[in-house]
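S.K.: Right, I'll just put the structure down here and ask away after.
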Amino acid sequence: MRAARRRVSAALLACASLVVATPAAFAQSRTLAEIADYQGPDRLAKLIEGARKEGSLSLYTSRVAEDTAPVIEAFTRKYGVEVQVWRGSNRAVLQRVVQERRAGRCAADVISSGTPALEPLHREQLLQAVRSPTLAELMPQALSPHGEWAGININIISAAYNTNLVRPNEVPKSYADLKDPRWKGRLAIEADDVDWFAAVIGKLGEAAGLQLFRDIIRTNGVSTRTGHTLIANMVAAGEIPLALTVYSYKPDQLARAGAPIRTLYLAPVIALATGVSVTRCATRPHAALLFYEFMLRDGQEILARRDIAPTNQKVKPLPEGLEITMMDPDEMLDHGAKWSELWHKTVIRPQ
C-alpha cells in the first residue's frame with residue numbers, strides 16, 4: 001500500500017516537473033492563470049467568446065453517465081461548445097491523469113470528480129486556482145481553501161432499505177440497532193468505502209466506533225459490492241434488504257420511479273464533495289473556465305432536478321434537520337494506510 005502511494009506521488013511529481021519544464025506549457029499556464037484570475041464585469045462574456053473560438057473541451061469525470069449527460073447537453077446547447085467526456089471512478093480518474101502526464105500529455109481540460117481524486121492533484125500543483133465571484137453563493141464547507149477545486153454537489157452517503165423486505169417496525173434508528181441478530185445475512189456495504197468508514201469512526205470515537213462495527217459484523221456479517229449505484233439498484237430489486245452505504249440521491253430517484261426503496265440516514269451522516277477543477281495545462285482555457293462557471297450556475301439547477309444535493313443551498317436546501325459531516329480528503333492522504341488496514345480487518349476480512 002505504501003509502495004503504491006509512493007509510486008503515485010512520484011508520478012505526480014514527475015508530471016508537475018514536466019509541465020513546469022516545458023516552455024510552451026509554462027506560457028499556457030500563465031495565460032490560463034490570467035484568465036482564471038480575471039474579475040472584470042465582462043468576465044463571462046470573455047469566457048464565452050474565447051470558448052466559442054476554441055470550440056470544444058475535454059472533461060474527465062467520476063459522475064455516472066445518466067447524471068453527466070443532462071449537464072453536457074445543456075452546456076453545449078447554451079454555448080455551442082462540444083464536450084468530450086471520459087468517465088471512471090475517482091481512483092481511475094486520478095490514475096489516468098497521472099499516466100498521461102508521465103507520457104507528456106495533457107488530455108483533460110476539466111476534471112469533475114470526488115475530492116479523493118482532486119486533492120492529490122492539488123498537492124502536486126496540477127490544478128489551476130480559479131477566482132469566480134459565483135463561489136460566494138456556495139456552501140463554505142464544500143469549498144477548498146486553495147481555490148483549485150470547487151464543490152458543485154455533495155454526495156450524502158446514506159443507508160437504504162427495500163420496503164418489501166424490511167418492515168416499518170424493523171427500520172433501524174442507529175448503527176447500534178444493526179447489532180440485532182435479525183439482520184444476519186441481510187446487510188451489504190460498498191467495498192471501497194474506507195473514506196466513509198474513517199469519517200464515521202472519527203465521529204464516533206476510534207475505540208467505540210471500531211468495537212461497534214466489529215460487533216455488527218461478528219453477529220450478522222456484511223456482503224460487499226463495488227459501486228454505490230449498483231448497490232442501490234440491488235436494494236430496489238430486492239437482492240439486498242439493507243445497504244449501509246449508497247449515495248442518497250439514487251434511492252430518491254428510484255423511489256420516485258416507483259421502486260420499493262427508501263433512503264435511511266443513520267448518524268453520523270457523512271458527505272463527500274464532488275468538485276470541478278481546471279487543469280493547469282488546459283489547452284482550451286476559455287472553454288474549461290466557462291464549463292467551470294456553468295457548473296456553479298446552471299449546473300446547480302440541473303443537479304437539483306436529479307435529486308442531487310447542490311452546493312448552492314438556495315437552489316435546493318438539505319433535508320430539514322439533517323446534519324452532515326464532510327469527508328476530509330487530507331485524512332486519507334495523510335493516514336490512508338492506517339484506515340485501509342482497519343477497514344480490511346474490520347469489514348472486508350474481519351479478524
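S.K.: In segment 193-202, is there at least one residue being over 30 Å from HIS122 (Cα atoms) and not assigned by TED's automatic domain parsing to the domain that holds ASP67?
M.R.: Here is the first cut: in segment 193-202, the ones over 30 Å from HIS122 (Cα atoms) are none.
Checking segment 193-202: not a single residue is over 30 Å from HIS122 (Cα atoms) and not assigned by TED's automatic domain parsing to the domain that holds ASP67.
S.K.: Do we have any residue at all in segment 130-141 that's surrounded by 22 or more Cβ atoms within 10 Å (Cβ to Cβ) and not in a loop (DSSP other than H, G, I, E, B)?
M.R.: No - not one qualifying residue is present in segment 130-141.
S.K.: Within segment 122-135, which residues are aliphatic (A, V, I, L, M) and at pLDDT 95 or above? Walk me through how you get there before you give the answer.
M.R.: First, the residues of segment 122-135 that are aliphatic (A, V, I, L, M): 126-127, 129-130, 135.
Selection gives LEU127, ALA129, VAL130, LEU135.
S.K.: Another question, if that's okay. Suppose we keep only residues that are of a type in the set (A, V, I, L, M) and surrounded by fewer than 16 Cβ atoms within 10 Å (Cβ to Cβ) within segment 334-351. Which one would you say is farthest from ALA273 (Cα to Cα)?
M.R.: Taking the candidates together, the pick is ILE348.
S.K.: Got a sec? Which of GLY205, GLY238 is more than 21 Å from ILE156 (Cβ to Cβ), at pLDDT 95 or above and out of contact with any Pro (no Cβ under 9 Å at 6 or more places or on another chain)?
M.R.: Details: GLY238 fails: out of contact with any Pro (no Cβ under 9 Å at 6 or more places or on another chain).
Only one candidate passes the filter, namely GLY205.
One line per residue, one yes/no per condition, for (1) more than 28 Å from ASN220 (Cβ to Cβ); (2) assigned by TED's automatic domain parsing to the domain that holds GLU148:
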| residue | (1), (2) |
| --- | --- |
| ASP252 | no, no |
| ARG262 | no, no |
| TYR265 | no, no |
| ALA287 | yes, yes |
| ASP298 | yes, yes |
| PRO329 | yes, no |
| MET332 | no, no |
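S.K.: Residues being farther than 23 Å from ARG284 by Cβ and under 15 Å from the mean Cα position of the chain (by Cα): count how many of those fall in segment 98-143. Step through it out loud before you land on a result.
M.R.: Going residue by residue through segment 98-143, those that are farther than 23 Å from ARG284 by Cβ are 114-116, 119-120, 123, 136-143.
Narrowing further to those that are under 15 Å from the mean Cα position of the chain (by Cα): 114-116, 119-120, 141-143.
Number satisfying all stated conditions: 8.
S.K.: Please verify whether segment 189-196 includes one or more residues that are touching a helix residue (DSSP H, G or I) at 6+ places or on another chain (Cβ under 7 Å) and among the aromatic types (Phe, Trp, Tyr).
M.R.: The answer is no; no qualifying residue exists.
S.K.: Does VAL98 meet the test of being outside the structural domain of VAL194 (by TED's automatic domain parsing) and not in a helix (DSSP H, G or I)?
M.R.: Values: outside the structural domain of VAL194 (by TED's automatic domain parsing): yes; not in a helix (DSSP H, G or I): no.
Answer is no for this residue.
S.K.: Identify the residue in segment 213-250 that is among the hydrophobic types (A, V, I, L, M, F, W, C) and either outside the structural domain of PRO181 (by TED's automatic domain parsing) or surrounded by fewer than 19 Cβ atoms within 10 Å (Cβ to Cβ) (or both) and, among all such residues, is nearest to PRO319 (Cα to Cα). Reasoning before the result, please.
M.R.: Restricting attention to segment 213-250, the residues satisfying the condition of being among the hydrophobic types (A, V, I, L, M, F, W, C) are 213, 216-217, 222, 230-232, 234-237, 240, 242-244, 246.
Filter once more, so that each one left must be either outside the structural domain of PRO181 (by TED's automatic domain parsing) or surrounded by fewer than 19 Cβ atoms within 10 Å (Cβ to Cβ) (or both): 217, 230, 237.
Values: ILE217: 30, LEU230: 24, ALA237: 25 Å.
Among them, the one singled out is LEU230.
S.K.: Now, a different point. Out of ILE189, ILE217, ILE156, which single residue is more than 25 Å from the chain's Cα centre (by Cα) and under 27 Å from ASN90 (Cβ atoms)?
M.R.: Values: ILE189 fails: more than 25 Å from the chain's Cα centre (by Cα); ILE156 fails: more than 25 Å from the chain's Cα centre (by Cα).
None of the others qualify; the one that does is ILE217.
S.K.: I would also like to ask the following. In segment 227-242, how many are closer than 22 Å to SER62 by Cα and in contact with a Ser or Thr (Cβ under 9 Å, 6 or more places away or on another chain)?
M.R.: Residues in segment 227-242 being closer than 22 Å to SER62 by Cα and in contact with a Ser or Thr (Cβ under 9 Å, 6 or more places away or on another chain): 3 in total.
S.K.: Another question about this same structure. Here are some conditions: (1) surrounded by 17 or more Cβ atoms within 10 Å (Cβ to Cβ); (2) assigned to a helix (DSSP H, G or I); (3) at pLDDT 95 or above. VAL166 meets all but one. Which one does it not meet?
M.R.: All conditions are met except number (2).
S.K.: What residue, of PRO310, PRO317, PRO260, PRO285, is crowded, with 24+ Cβ neighbours inside 10 Å, farther than 30 Å from ARG102 by Cβ and not polar (S, T, N, Q)? Steps first, please.
M.R.: Numbers: PRO317 fails: crowded, with 24+ Cβ neighbours inside 10 Å; PRO260 fails: crowded, with 24+ Cβ neighbours inside 10 Å; PRO285 fails: farther than 30 Å from ARG102 by Cβ.
From the options PRO310, PRO317, PRO260, PRO285, the qualifying one is PRO310.
S.K.: Let me ask something additional. Go through segment 69-96 residue by residue and tally those that are in contact with a strand residue (DSSP E or B) (Cβ under 7 Å, 6 or more places away or on another chain) and closer than 16 Å to THR115 by Cα.
M.R.: Taking segment 69-96 as the starting set, the residues that turn out to be in contact with a strand residue (DSSP E or B) (Cβ under 7 Å, 6 or more places away or on another chain) are 72, 75-76, 81-87, 90, 93, 96.
Next, from what is left, pick out any that are closer than 16 Å to THR115 by Cα: 87, 90, 93, 96.
Qualifying residue count for the region: 4.
S.K.: Would you check if there is a residue in segment 66-89 being under 19 Å from MET295 (Cα atoms), under 15 Å from the mean Cα position of the chain (by Cα) and at pLDDT below 90?
M.R.: no
S.K.: Which is surrounded by 17 or more Cβ atoms within 10 Å (Cβ to Cβ) and assigned to a helix (DSSP H, G or I), of LEU210, LEU121? Break it down into steps so the answer makes sense when it comes.
M.R.: Details: LEU210 fails: surrounded by 17 or more Cβ atoms within 10 Å (Cβ to Cβ).
Every option except LEU121 fails the conditions.
The values are calculated or read from the model by the stated rules, or taken from the named source; none is laboratory data. Quick caveat: nothing in here was measured; it's all calculated off a predicted structure. Don't worry about glycine lacking a Cβ; one is built from the backbone with ideal geometry, like all the others, and counts go over all protein chains shown.
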